[in-house]
Amino acid sequence: MLFCKSSVIKLGGSFITVKDSLCTVNWGSLISAAEQLSQYVKEGGRLVIVHGGGSFGHPAVKDVIKEKGRMDISGVGYVQEAMLSLATKVFKVLRAYEIDAVLHTTHTICSCETCSYESVIRDFKKGLVPIVYGDAVPCNDTFVVVSGDRLAAEIASELGVDCLIYAVDVPGILINDKVVERVKVSDIIDLVGGSGDITGGMRGKVIEASRAIGKVKRIVIVGGKENGIIKALRGEKVGTEIVG
Ligand SMILES: Nc1ncnc2c1ncn2[C@@H]1O[C@H](COP(=O)(O)OP(=O)(O)OP(=O)(O)O)[C@@H](O)[C@H]1O
Ligand SMILES: [Mg+2]
């Protein structure tokens, strides 16, 4: 029987895009993710998929700040367009791998940083596989970026799924070049790097992931390659487990 009967999987932008090449999908990684998730669904797994910005969303935010000096409200659509372009590619590939995916545009479910997940939960309960993604959301006279890391932790907590899995381009949290098997957030937070992007890199991910501690059975940060996602979903010891 599957260890994670239900789960929220965050496909990191570091995994599904080529981070140093503008608006470039890492097709090999995206297809590998789709194959693993399709296998998970065939084994009876239920899931919500969240994805990050990678070389689509993060450079768009930086462009707006460079041009306007701040996250000007008129830049919100520019970021949304970049994210929607990545989201439709993810949507298409998942559907091609026979996953019953449906797309939820984040800027319509979130107001500033507060999001309501009724429509996501409705579709999940219908047996569909909702896709949500980190995005720019209007907020007063500016915009905020709601990260995929945060959305994943909040949706996992609200649904009370078994597992919250963050797939990235590294095999887990590395300390002195070694993957740490299990960590307490408070023990490692100072050892984990930010990345200079708006959502705080690995440090931001660990902080956001910790929102779901005690609400899900397991939280894992795992390398998406080499079947890392499906192994984590089957309860195998891969990546780094985050504990309270
Ligand atoms: N201690 C650490 N262990 C592992 N990775 C780390 C560590 N410190 C910093 N990193 C970096 O964090 C990156 C993952 O965070 P990043 O935000 O770049 O990816 P992501 O969340 O998958 O992408 P996105 O934010 O676009 O969704 C890794 O590629 C790695 O370079
Ligand atoms: Mg990130």
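Going through segment 174-224 one residue at a time, which ones are more than 20 Å from Phe3 (Cβ to Cβ) and in a loop (DSSP other than H, G, I, E, B)? Outline the logic, then answer.
Within segment 174-224, the first condition is being more than 20 Å from Phe3 (Cβ to Cβ), and the residues that meet it are 174-178, 180, 184-208, 210-211.
The answer is Asn176, Asp177, Val180, Val192, Gly193, Gly194, Ser195, Gly196, Asp197, Ile198, Thr199, Gly200.
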Residues of segment 125-171 classified as in a strand (DSSP E or B) and either farther than 20 Å from Ser38 by Cα or within 16 Å of ligand 1 (Cβ to nearest atom) (or both), total: 18
What single numbered condition from (1) modelled with pLDDT of 95 or more; (2) hydroxyl-bearing (Ser, Thr, Tyr); (3) crowded, with 16+ Cβ neighbours inside 10 Å fails to hold for Thr106? (1)
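Any idea how many residues of segment 163-180 are over 13 Å from Val220 (Cα atoms) and either among the small types (Gly, Ala, Ser) or within 16 Å of ligand 2 (Cβ to nearest atom) (or both)?
2
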Among the candidates Phe56, Phe15, residue that is within 18 Å of the chain's Cα centre (by Cα), of a type in the set (A, V, I, L, M, F, W, C), within 16 Å of ligand 2 (Cβ to nearest atom) and more than 14 Å from Ala167 (Cβ to Cβ): Phe56
Val120: passes all of (1) buried (at least 23 other Cβ atoms within 10 Å of the Cβ); (2) of a type outside the set (Lys, Arg); (3) within 14 Å of ligand 1 (Cβ to nearest atom) but (3)
Those helices (runs of 4 or more DSSP H) completely within segment 1-78 that have 1 or more residues that are among the acidic types (Asp, Glu) are 27-42, 54-68
The residue that is surrounded by the most Cβ atoms within 10 Å (Cβ to Cβ), considering only those in segment 196-207 that are more than 9 Å from ligand 2 (Cβ to nearest atom) and closer than 14 Å to Lys184 by Cα, is Val206
So which residues in segment 15-36 are within 16 Å of ligand 1 (Cβ to nearest atom) and either surrounded by 24 or more Cβ atoms within 10 Å (Cβ to Cβ) or aromatic (Phe, Trp, Tyr) (or both)? Phe15, Ile16, Thr17, Ala33
Out of the residues in segment 196-211 that are among the β-branched types (Val, Ile, Thr) and within 14 Å of Lys62 (Cβ to Cβ), which is nearest to ligand 1 (Cβ to nearest atom)? Thr199
Any idea how many residues of segment 210-244 are farther than 21 Å from Gln39 by Cβ and in contact with a Lys or Arg (Cβ under 9 Å, 6 or more places away or on another chain)? 6
Might you check whether a residue that is more than 22 Å from Tyr78 (Cβ to Cβ), at pLDDT 95 or above and surrounded by fewer than 19 Cβ atoms within 10 Å (Cβ to Cβ) occurs anywhere in segment 138-157? yes
Starting from segment 131-145, take each residue that is without any contact (Cβ under 8 Å) to a residue 60 or more places away in the chain and list its partners that are away from ligand 2 (no atom under 15 Å from the Cβ), counting only C-beta distances under 6 angstrom and pairs at least six apart or across chains. Cys139/Cys112
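The values are calculated or read from the model by the stated rules, or taken from the named source; none is laboratory data. Computed from a predicted model, the values in this text were never measured in an experiment. Heads up, the Cβs are rebuilt from the backbone with ideal geometry, glycines too, and the neighbour counts pull from every protein chain shown.
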